[in-house]
Amino acid sequence: MKEFWTSLVSLLGVLASLMNILQVVFPPELCFAAFEFLNQALNYFSSYCYCDVTEIDRVNTNELYNAVQLYLSSFISPSASHLSLTRTINSSAFGLSNDNYINDVFNGVAVQWEHVVTQRQSQTSSYGFRLRIQKRDKDLILDSYLDSIMGKANYIRRKNQQRLLYTNSLGRSLDSRGQPCDSVPFNHPSTFDTLATDPDRKRNIMENLGNFTSGQALYQQKGGAWKRRYLLYGPPGTGKSRTIAAMANFLGYDIYDLELTEVHS
């Protein structure tokens, strides 16, 4: 084993010497052109292709980069020794990321993500993610996988965002977006796990809500309004408010408590 490492070090030393000789004998332009040709040849014969998702797209923030970062935060390796912690404004959860390679599977296709940090001459760093996929899977990944990541990232962002309770009970008019002006943090602890009701009914409601949240694209294709109505009725104390709170916590949605007597338009 010792002889192997000795031989390897000697070989690396010879290669380094040859590189120095080539740089002296041949002009830098020729060396660069040869390197580019070799790199293209290797890429041509390689079965993989790579897609870079940079943090900044020229001058604008890349929305896809933020989505990938949020999506990959759920793939933290337990053996990672270096984690980056983030927490955005109005978020109720911490974001985690590591610098290791992260493997993922989409519709039976294996992909690999790498977090790339590039040091610039201006002493600033640029960040991005590099996606490695098989060339034969390129169409599937670019058409469906990235859209799936955007959808899952929106769901994670909505779940982590601090929920608010809006109300117009003070008699104020709605703002330009049709939302009541007054809001307070909504921290109701009710969930479907703590809700005292029939288990089959809870399961049906959760499945119905899940189908609703995943069906936005279908509603848009058919030109229908993406909304779902539930009628809760019963005497006070039967769990109407707790059910609403559980639904909001399950979906990650805000709640609007409208006093209809204060709506004058």
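The values are calculated or read from the model by the stated rules, or taken from the named source; none is laboratory data. Since this is a predicted model, take the numbers as computed values, not measurements. Here the Cβ is made from the backbone with ideal geometry for all residues, glycine too, and neighbour counts use every protein chain on show.
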Pull out all pairs, ordered by first then second residue, where Cβ-Cβ is under 8 Å, the residues are six or more apart or on different chains, the first lies in the stretch 228-252 and is in the same structural domain as LEU218 (by TED's automatic domain parsing), and the second is among the acidic types (Asp, Glu) and in a loop (DSSP other than H, G, I, E, B). ALA248/ASP254
If you go through LEU195, LEU96, LEU131, the only one that is at pLDDT 85 or above and in a strand (DSSP E or B) is LEU131
Please give the number of the condition SER173 fails out of (1) modelled with pLDDT of 65 or more; (2) polar (S, T, N, Q); (3) in contact with a Ser or Thr (Cβ under 8 Å, 6 or more places away or on another chain). (1)
